[in-house]
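Written below as structure tokens is the structure these notes are about.
The values are calculated or read from the model by the stated rules, or taken from the named source; none is laboratory data. Fair warning: this is a prediction, and the values are worked out from it, not measured in the lab. Every residue, glycine as well, gets a Cβ built from its backbone with ideal geometry; the counts of neighbours run over all protein chains shown. These area figures cover heavy atoms from the full protein model, side chains too; ligands, DNA and RNA do not enter into them. Shrake-Rupley method; radii C 1.70, N 1.55, O 1.52, S 1.80 Å.
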Amino acid sequence: MDRLTDELTATTAPDMTALTFPFTLPQSPAEPVDVAPGVKWLRLPMPFALDHINVYLLRVERGWLILDTGLDSSRSRAIWEEVFAGALSGETVVGVISTHYHVDHVGLAGYLTDRWRVPLYMSYQEYFTLSGWPKELKKVPWQHAEFYRKVGFPEDQVDKSLVIFDFGGEISQLPPSFIRLQGGRPLPVAGADWLVLTGEGHAPEHVMLYSARQGILISGDQLLPRISSNVSVTVVNPEDEPLSRWLASLDRLAELPEDTLVFPGHGLPFRGIQTRVEELRNHHQHQLQVVLDACAEQSLSTYEITQVMYPYPLNDFDLQLAMGECLAHLHYLVSQGRLQGTQDQQGIVRYETA
Ligand SMILES: [Zn+2]
């Protein structure tokens with residue numbers, strides 16, 4: 001995993017027989033698979049542990065919408081050009097949708113919207129989170145240094161945290177305007193039969209598309225079949241408590257019919273939405289218990305608890321995601337009055353049972 005993206009490879013241990021996977025992998029990245037009337041599936045490569053992203057093409061009145069873009073790389077651009085010359089030959093692209101602000105989902109939005117001179121569709125919070133995200137920081141700002149002191153991060157490692165702001169090469173220029181998508185409203189494109197849904201916790205206002213008529217949900221990273229999406233407190237918003245919003249979003253997804261066909265941002269399309277929601281709830285309950293057990297013995301810093309939750313070597317980037325995920329669980333437990341955090345004399349916050 002790398003850069004400002006999402007899934008920690010912390011996998012749950014799902015009972016794979018409970019989910020069904022009606023499609024096999026596409027033969028090649030540039031050959032879209034028809035997965036429903038007016039819906040094509042493409043799988044673009046990524047040079048990380050998470051080695052691909054799913055993107056979708058949606059038929060509307062005047063052409064096709066692209067949903068999620070892949071990273072900006074010469075390889076991704078070449079695949080898109082192959083798709084335009086091949087599967088979409090003679091067709092028109094009329095817009096680009098990014099489900100959320102992470103680079104794998106928005107990396108080529110600038111390139112593709114310029115290429116076709118079409119609008120970018122995003123939710124308000126996703127567009128402005130990306131616009132305002134610190135870019136290419138060369139030096140750790142004092143606010144961030146303060147954050148790393150509180151979590152108990154080794155002082156001599158703090159400079160390495162800048163890795164999470166180093167993603168310039170994987171994203172093309174964000175278009176200077178966008179069309180806002182809002183949860184609960186129809187997708188504002190002629191001939192589109194999709195309802196916009198939004199979820200929180202992985203990203204601030206993550207867009208999903210739902211067709212009740214076709215029984216299809218395009219879920220982005222709000223619901224993945226195998227890995228649990230990263231639910232993280234970031235250094236940019238250090239007091240945040242995203243886990244309760246994530247769990248509330250799961251509750252809303254569980255209201256959709258169990259036989260809904262889910263097209264995720266990573267992994268295979270699947271059926272079994274309620275089963276998957278239940279697995280993810282269990283995963284977070286398990287993680288919360290790991291944190292509680294660790295803090296029952298002695299008071300610990302976030303950095304120390306992270307090592308209990310993820311007891312294996314992590315690269316600099318994954319460590320940031322892991323620590324963010326750890327903080328999300330800590331802040332949730334504090335908000336419920338089950339843990340308390342106290343700053344010690346070095347300024348490190350230590351957590352213990354309340
Ligand atoms: Zn993703």
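When ranked by the protection proxy of mean other Cβ atoms within 10 Å per residue, highest first, what sequence do the peptides 157-164, 118-125, 66-73 form? The partial results should precede the final answer.
Values: 157-164: 17.2, 118-125: 20.6, 66-73: 25.8.
The peptides rank, most packed first, as 66-73, 118-125, 157-164.
Of all DSSP-defined beta bridges confined to the stretch 16-353, some 70% are antiparallel rather than parallel. Dividing the summed -39500 (n - 2.57) terms of all DSSP H runs of n ≥ 4 by the residue count of the chain sets its mean residue ellipticity at 222 nm at -9500 deg cm²/dmol.
I need to check one value: relative contact order of the chain, counting alpha carbon pairs closer than 8 Å and at least 6 residues apart, in percent.
Values: 701 pairs, mean separation 62.6, N = 354.
Over the chain, the number comes to 18 percent.
Highest average first, the peptides 301-312, 128-139, 53-64 ordered by how many other beta carbon atoms sit within 10 Å of their residues are 53-64, 301-312, 128-139.
Please count, across the stretch 16-353, the pairs of lysine residues with Cα atoms under 23 Å apart that sit 8 or more places apart or on different chains. Can you show the working numbers first?
Values: Lys135/Lys160; Lys138/Lys150; Lys138/Lys160; Lys139/Lys150; Lys139/Lys160; Lys150/Lys160.
Taking the stretch 16-353 as the scope, the lysine pair count is 6.
For the chain, the longest principal axis of the alpha carbon atoms and the long axis of helix 74-85 meet at an angle near 30°. Rg over Rh for the stretch 63-166 works out to 1.14, using Cα positions for both radii and the Kirkwood form for Rh.
Can you tell me how the stretch 194-352 classifies by the Cα gyration tensor, rounded, prolate or oblate, using a/c under 1.5 as the rounded cut? Please report the intermediate quantities before stating the final value.
Working: a/c = 2.28, a/b = 2.25, b/c = 1.01.
Taking the square roots of the gyration eigenvalues as a ≥ b ≥ c, the stretch 194-352 is prolate.
Accessible area per residue for the chain, computed on protein heavy atoms with a 1.4 Å probe, is 42 Å².
With +1 assigned to the C-beta of every Lys and Arg and -1 to the C-beta of every Asp and Glu, and no other charges, what is the dipole magnitude of the stretch 16-353 about the Cα centre in debye, to the nearest 20? Mind dumping the intermediate values first?
Details: 25 positive and 40 negative charges, 164 e Å.
Magnitude of the dipole: close to 780 debye.
State the percent of C-alpha pairs, over all pairs in the chain, separated by a distance greater than 34 angstrom. That fraction is 25 percent. Pair-distance distribution of the stretch 270-354: all C-alpha pairs, bin width 10 Å, starting at 0; shares per bin in whole percent are 17, 45, 28, 8, 2, 0. When both the stretch 228-301 and the stretch 172-197 are represented by their alpha-carbon centers, they are found 25 Å apart. Please name which of Leu300, Pro269, Ser98 has its Cα lying farthest along the dipole of the chain towards the positive end, using unit charges on Cβ (Lys, Arg +1; Asp, Glu -1) and the Cα centre as origin. So the residue we want is Ser98.
Highest first, please rank the peptides 318-325, 170-177 by the mean number of other Cβ atoms sitting within 10 Å of their residues. Could the numbers behind the result be given before it?
On the way: 318-325: 23.4, 170-177: 16.2.
Ranked from most to least packed, the peptides come out as 318-325, 170-177.
What angle, in degrees between 0 and 90 and rounded to the nearest 10, separates the Cα long axis of helix 243-253 from the longest principal axis of the Cα atoms of the chain? Long axis of 243-253 versus the principal axis of the chain: about 30 degrees.
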